[in-house]
C-alpha cells in the first residue's frame, strides 16, 4: 500500500511541478519581453495578433458561435499589403500575453484604416466590446477586456501630465516615459467594490437608469482616496440604500474594462434584519429592493429581457455569467440552499 501511495503521490507531485514550472517560465518570458525592446520586436515576427478598430474587437461567426481570431504575423503582413499599409503600424501593437509554448500575443488597433474593407477581407466584424464580452468564449473575455484597456490607456496617455511633453512607449506597451521629466507611467486600474447585501434571508439588488431594462445587480462604487475596501463597502451601502453593514467578507475579483479599466472587488455584506427599510439614493439609483430566494432562482433562469409581467414591464433578470455580480448572486443562492432547515 505504501508503495502504491508513493507512486500515485509521486506522479501527482511531478505533474504539479511541471505545471508550476511551465507557468513560471511563461511569466518570466513575458517579463523579458516587457523589459527588452529588441527581444519584443523580434517576438512580433512570430506572434499572433488580436485586432481592434477604434477599441472594438474583431470577431468571426462560426456556426452559432463567435470566435476571436488570432492572426499570425504572416497573415498580418499579407493583409497590410492588400490594404497598402506598411508594417510600421505594427509598432502600435501591445503585448497582452503568450501561450504555454511562448507564442506571444499582441493587440493592435487599426482605427486609421477603413473598417468595412478589413471586415470584408477578414470575413468578420468589429463589435462593441460590451456585446463581444457576452458572446465569445469565457476564456477570451478577459483577454479582450485587458487588451482594450491597454490600448485605451495608451491612447489617453500620450502626454506627460507634469510637462505636457509627448511620452514615449516601450515596444511591449507596458509603460510610457516622459524624457523631459524622467517620469515613467504605468497602466493603472481603478479599484471598485461590488457588494451583494443580504439581511440573512433576502438579498438586495438595484438598478441605475442607464441599465438595460429589467436588469438588477449588486451595489457598486469606486474606492475613495485613502479608503480601504471595508470602508468603501460600508460607505457605499450607506450612501446608496441607507443601510448599515454589520459584517462583510471577500469573494473574488475581476478586471472590468468599463468605464475605463476597473478592478472589481466582490464582497458579501450582511445587514441587520431589524434595520429600517431601504432608503434609496435617487441621484444614483432608479430602483433598489429585496429579493427572496425563489425570485432570485427564477431570475437566474431568464435570458436578458425575455419575460414580461402582466403590466408589460420586464421581469427582473441578472447580469450574465461573465460578470462577477452573477457569481455573487449564485454564491448567495448556494449559501441559502445549503443552510439547515
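Selection of region 173-204 for residues being over 24 Å from residue 324 (Cβ atoms), more than 22 Å from the chain's Cα centre (by Cα) and surrounded by 17 or more Cβ atoms within 10 Å (Cβ to Cβ) yields 176, 178. Each residue in region 31-64 was checked for being loosely packed, with under 12 Cβ neighbours inside 10 Å and within 24 Å of the chain's Cα centre (by Cα), and 2 pass.
Within region 96-134, being over 18 Å from residue 60 (Cα atoms), under 22 Å from the mean Cα position of the chain (by Cα) and either exposed (fewer than 13 other Cβ atoms within 10 Å of the Cβ) or free of Cβ contacts under 8 Å to residues at least 24 places away in the same chain (or both) holds for 99, 100. Scanning region 21-30 turns up no residue that is surrounded by 12 or more Cβ atoms within 10 Å (Cβ to Cβ) and in contact with a helix residue (DSSP H, G or I) (Cβ under 7 Å, 6 or more places away or on another chain).
For region 197-215, how many residues are within 19 Å of residue 334 (Cβ to Cβ) and either in a loop (DSSP other than H, G, I, E, B) or outside the structural domain of residue 285 (by TED's automatic domain parsing) (or both)?
We begin by selecting, within region 197-215, every residue within 19 Å of residue 334 (Cβ to Cβ); these are 197-205.
Applying the additional criterion that residues be either in a loop (DSSP other than H, G, I, E, B) or outside the structural domain of residue 285 (by TED's automatic domain parsing) (or both) yields 199-201.
Qualifying residue count, region 197-215: 3.
Under the condition of being at pLDDT 95 or above and more than 19 Å from residue 100 (Cα to Cα), the residues counted in region 24-66 number 15.
The values are calculated or read from the model by the stated rules, or taken from the named source; none is laboratory data. Worth saying up front: this structure is predicted, and the values here are computed from it rather than measured. Every residue, glycine as well, gets a Cβ built from its backbone with ideal geometry; the counts of neighbours run over all protein chains shown.
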